[in-house]
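Participant: Structure provided below as structure tokens; questions to follow.
The values are calculated or read from the model by the stated rules, or taken from the named source; none is laboratory data. From a predicted model like this one, the values you see are computed outputs, not experimental measurements. Here the Cβ positions follow ideal geometry from the backbone for every residue, glycine too, while neighbour counts run over all protein chains shown.
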Amino acid sequence: MSQKYIKTKNNNSFNEKCYGKYYAQPVYDQKFIETDEIADFIQTQATLKRSDIKAALDELGAAMKHFLEMGQKIRLAGIGIFKVGFSSIGVTDPASCTAATITSRRVLFQPEVERIVTGSAEKDGKIVQKYVNAKTLVKDVVFEETHDNSMKVESSTDDNNNDSPTGGLTPNPGD
């Protein structure tokens, strides 16, 4: 399988650099993968029974909630780090900056990365490795264009309210 995408034209005339250019935009199947399906998949890869895996996955949400409520960061090996994030109203007086000024809460996710050596070079008489940091969960994802109208396009915006077909990402500098 592969991650599907469609070609989308940027019609935002306020962004001259990107205006009129085409970008790949992810599309997703309408169906969510649920806990049962994940348990079934893990069962084919491990020696545990589906019921044991499902029980552990069911408890994972409660455990994560508990530790996030305690102000802890959670690292799941091979997946990444989860932590609480929030926004608040700005106030001029430090004494007025209380929990009541918090306006939204969210879970922040930082995917695990691997350092992948891509080559080496000589610099100042020393051999230096060239490398990239690849996100472990998606480093082997294959991409494929689709024209399937049943797929769902999820648009996203960046923090600067910059609607773009790239989900707020900056296009390649060569564009």
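Participant: As an exercise: evaluate A24 against (1) outside any helix (DSSP H, G or I); (2) touching a Leu at 6+ places or on another chain (Cβ under 9 Å) and give the number of the one condition it does not meet.
Facilitator: (2)
Participant: If a residue has to be touching a residue at least 24 places away in the same chain (Cβ under 8 Å) and either in contact with a Gly (Cβ under 6 Å, 6 or more places away or on another chain) or among the hydroxyl-bearing types (S, T, Y) (or both) to count, how many in the stretch 110-147 make the cut?
Facilitator: 5
Participant: R105 fails exactly one of the following numbered conditions: (1) touching a Cys at 6+ places or on another chain (Cβ under 6 Å); (2) of a type outside the set (S, T, Y); (3) surrounded by fewer than 11 Cβ atoms within 10 Å (Cβ to Cβ). What is the number of that condition?
Facilitator: Failing condition for R105: (1).
Participant: Out of all the residues in the stretch 73-100, which are surrounded by 13 or more Cβ atoms within 10 Å (Cβ to Cβ) and either among the small types (G, A, S) or not in a strand (DSSP E or B) (or both)?
Facilitator: I79, G80, S88, C97
Participant: Next question. Which count do you get for residues in the stretch 1-22 that are at pLDDT below 85 and farther than 13 Å from D148 by Cα?
Facilitator: Result for the stretch 1-22: 2.
Participant: Could you say whether any residue in the stretch 120-127 is surrounded by fewer than 10 Cβ atoms within 10 Å (Cβ to Cβ) and assigned to a loop (DSSP other than H, G, I, E, B)?
Facilitator: Yes, that holds for at least one residue.
Participant: On to the next question. Across the stretch 128-174, which residue is surrounded by the most Cβ atoms within 10 Å (Cβ to Cβ) among those that are in a strand (DSSP E or B), at pLDDT 75 or above and more than 15 Å from the chain's Cα centre (by Cα)?
Facilitator: Y131
Participant: Please work out if E114 is under 28 Å from K17 (Cα atoms), at pLDDT 80 or above and either of a type in the set (A, V, I, L, M) or not in a loop (DSSP other than H, G, I, E, B) (or both).
Facilitator: no
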